[in-house]
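Have a look at the structure below, then the notes.
The values are calculated or read from the model by the stated rules, or taken from the named source; none is laboratory data. Not measured: the values here are computed from a predicted model. Positions of Cβ are backbone-derived with ideal geometry, glycine not excepted, and every protein chain shown enters the neighbour counts.
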Amino acid sequence: MKITGVRTIPYQLTMQRPIADANHPAGSDQMPGLAVFLDTDTGLSGIAMGGARDMIHTLVDGLLVGRDPRGVLGHWNAMVDFVFKSGNRGANTAAIASIDTALWDLKARINDEPLWRTLGASSNRVRAYASGIDLCLSDDEIRTFYTRMAADGVCGGKLKIGLDLESDLRRIGIMRDALATSGKTPELCIDVNEYWSPKQAIRYMHVIEQEYDITWIEEPARRWDAEGLRKVSDNVRAAVASGENLHSLEDFVPLLSARAVDVLNIGAGASGITGAMKLAALAYAYETPVTMMNCAANYMAHLAATLPNHIMMEVLDNGRDAVLTHTHPIVDGWIELNDEPGLGFTFDQEKLKECAVEGPGSRFGWGRRTGAGMYLVGPDE
């Protein structure tokens with residue numbers, strides 16, 4: 001069996017609602033994407049959602065064509081070595097992640113089994129927590145979202161905060177009350193997306209923790225600021241979580257060695273399934289739990305199901321899966337992975353054709369707001 005090439009189709013989705021955080025409170029309902037098909041001479045293809053289209057073709061054409069797709073770990077090593085000079089960053093990381101995911105999907109399809117079995121999991125269930133990416137939502141919309149997730153047994157939630165303490169306190173209470181309808185004790189997480197400085201985080205958390213028992217605060221300081229994150233962790237009751245915006249293994253070592261984080265965020269953005277697997281093992285050596293970042297169709301739950309230090313996975317509900325067909329339902333608060341070969345879903349070809357665009361589509365995400373980490377900026381500034 002040989003890899004023969006890769007096909008990529010860029011697309012642009014309008015989600016069911018906008019998503020937003022403190023750095024861009026107005027939010028956006030636009031979601032660009034890239035459908036990736038890694039082809040073989042047997043007719044089987046591995047699929048992934050990704051980015052960095054040009055780099056994907058460079059890596060596949062230069063390193064993988066003619067190779068056996070089943071050597072996933074060796075192919076990951078070759079790709080990381082290839083980008084050594086420019087670094088495992090940005091487009092390089094996005095391309096490696098996309099190809100690595102497609103390789104794992106293909107390997108499981110070759111085995112005619114779901115990826116969670118190929119990876120060695122003994123269970124197909126992964127605990128979920130709800131994430132609204134919801135700073136732009138009204139109080140009623142927040143209540144509706146978390147109540148809907150609670151109806152599926154989810155009792156953990158993560159709210160975007162950071163601009164207005166009074167509003168944040170009110171909205172955390174709305175999330176708590178909505179999650180309580182699950183019949184379980186709510187687990188309340190909050191996320192400021194690197195908008196605060198360490199001192200601001202400590203100051204505002206002291207107020208928040210007078211009213212609420214917070215499970216973790218996410219990115220209360222810059223992603224690379226091990227000293228600042230440790231300072232926050234040492235001065236608040238809640239756990240400090242960070243890591244989702246780091247990419248390569250060496251980026252995480254300073255945070256773990258300094259005991260700067262209590263929970264490590266991992267995901268496909270850390271160089272794919274293989275990269276996230278290595279990070280989870282590194283965190284395990286430090287007895288640090290990990291939580292899996294959200295992804296379309298919750299496909300990273302396949303890896304999460306194998307990890308002894310995984311606590312719960314972030315799940316969204318905003319319509320970004322519209323180009324996919326998948327059946328990974330949430331049952332009593334747990335993602336239940338199906339038994340379909342590979343990732344457990346395919347692309348809806350009609351929907352993909354409808355959403356396809358010529359170029360890369362709009363840029364997803366937004367930059368850091370002026371003044372972040374130094375002073376609070378009003379929501380209308």
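Listed conditions (1) at pLDDT below 95; (2) outside any helix (DSSP H, G or I) are all met by ALA91, apart from (2). For first residues located in the range 3-20 and of a type in the set (Phe, Trp, Tyr), partners that are assigned to a strand (DSSP E or B) and lie 6+ apart or on another chain with Cβ distances below 6 Å form the pairs TYR11/GLY33; TYR11/ALA356.
Would the range 236-245 turn up any residue that is without any contact (Cβ under 8 Å) to a residue 24 or more places away in the chain and on the phi < 0 side of the Ramachandran plot? No; the residues of the range 236-245 include none that is without any contact (Cβ under 8 Å) to a residue 24 or more places away in the chain and on the phi < 0 side of the Ramachandran plot. Within the range 295-303, is even one residue aromatic (Phe, Trp, Tyr) and part of a loop (DSSP other than H, G, I, E, B)? Taking every residue of the range 295-303 in turn, at least one turns out to be aromatic (Phe, Trp, Tyr) and part of a loop (DSSP other than H, G, I, E, B). Condition first: of a type in the set (A, V, I, L, M, F, W, C), under 23 Å from the mean Cα position of the chain (by Cα) and closer than 21 Å to TYR299 by Cα. Can you find one or more residues in the range 105-112 that meet it? Yes, that holds for at least one residue. Figure legend. Inter-residue proximity from the range 197-210: first residues more than 19 Å from MET374 (Cβ to Cβ) and in contact (Cβ under 8 Å) with a residue 12 or more places away in the chain, second residues among the polar types (S, T, N, Q) and assigned to a helix (DSSP H, G or I), beta-carbon distance below 9 Å, spacing 6+ or different chains. Indicated pairs: HIS206/ASN235.
Give the number of residues within the range 109-120 that are assigned to a loop (DSSP other than H, G, I, E, B) and either over 11 Å from ILE273 (Cβ atoms) or aromatic (Phe, Trp, Tyr) (or both). Here the count works out to 3. Within the range 147-167, the set of residues being surrounded by fewer than 17 Cβ atoms within 10 Å (Cβ to Cβ), in contact (Cβ under 8 Å) with a residue 40 or more places away in the chain and closer than 20 Å to MET312 by Cα comprises ARG148, GLY153. Looking only at the range 136-169, residues that are touching a Leu at 6+ places or on another chain (Cβ under 7 Å) and either at pLDDT below 95 or outside the structural domain of TYR212 (by TED's automatic domain parsing) (or both) come to 1 in all.
Count of the range 276-289 residues, restricted to those that are part of a helix (DSSP H, G or I) and touching a helix residue (DSSP H, G or I) at 6+ places or on another chain (Cβ under 7 Å), is 6.
Considering the range 315-353, and only residues there that are in a loop (DSSP other than H, G, I, E, B) and out of contact with any strand residue (DSSP E or B) (no Cβ under 8 Å at 6 or more places or on another chain), the residue that is modelled with the highest pLDDT turns out to be ASP332.
When ALA305, ALA297 are checked against the criterion of being modelled with pLDDT under 95 and outside the structural domain of GLY74 (by TED's automatic domain parsing), ALA297 stands alone in meeting it. Among ASN309, ASN338, which is in contact (Cβ under 8 Å) with a residue 40 or more places away in the chain, surrounded by 14 or more Cβ atoms within 10 Å (Cβ to Cβ) and either on the phi < 0 side of the Ramachandran plot or over 20 Å from the mean Cα position of the chain (by Cα) (or both)? Residue meeting the stated conditions: ASN338.
Filtering the range 268-288 to residues that are out of contact with any Leu (no Cβ under 7 Å at 6 or more places or on another chain) and more than 19 Å from GLY90 (Cβ to Cβ) leaves ALA281, TYR284, ALA285, GLU287. When the residues of the range 38-47 are filtered to those that are over 21 Å from the mean Cα position of the chain (by Cα) and touching a residue at least 60 places away in the same chain (Cβ under 8 Å), the one that is nearest to ALA97 (Cα to Cα) is LEU38.
Each row is one residue, and each column tells you yes or no for (1) surrounded by 16 or more Cβ atoms within 10 Å (Cβ to Cβ); (2) in contact with a Ser or Thr (Cβ under 8 Å, 6 or more places away or on another chain); (3) not in a loop (DSSP other than H, G, I, E, B).
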position: MET55; (1), (2), (3): yes, no, yes
position: LEU59; (1), (2), (3): yes, no, yes
position: MET79; (1), (2), (3): yes, no, yes
position: LYS85; (1), (2), (3): no, no, no
position: LEU103; (1), (2), (3): yes, no, yes
position: LYS107; (1), (2), (3): yes, yes, yes
position: SER122; (1), (2), (3): no, no, no
position: ALA128; (1), (2), (3): yes, no, yes
position: ASP140; (1), (2), (3): no, no, yes
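Counting the residues of the range 271-299 that are of a type in the set (Gly, Ala, Ser) and without any contact (Cβ under 8 Å) to a residue 60 or more places away in the chain gives 6.
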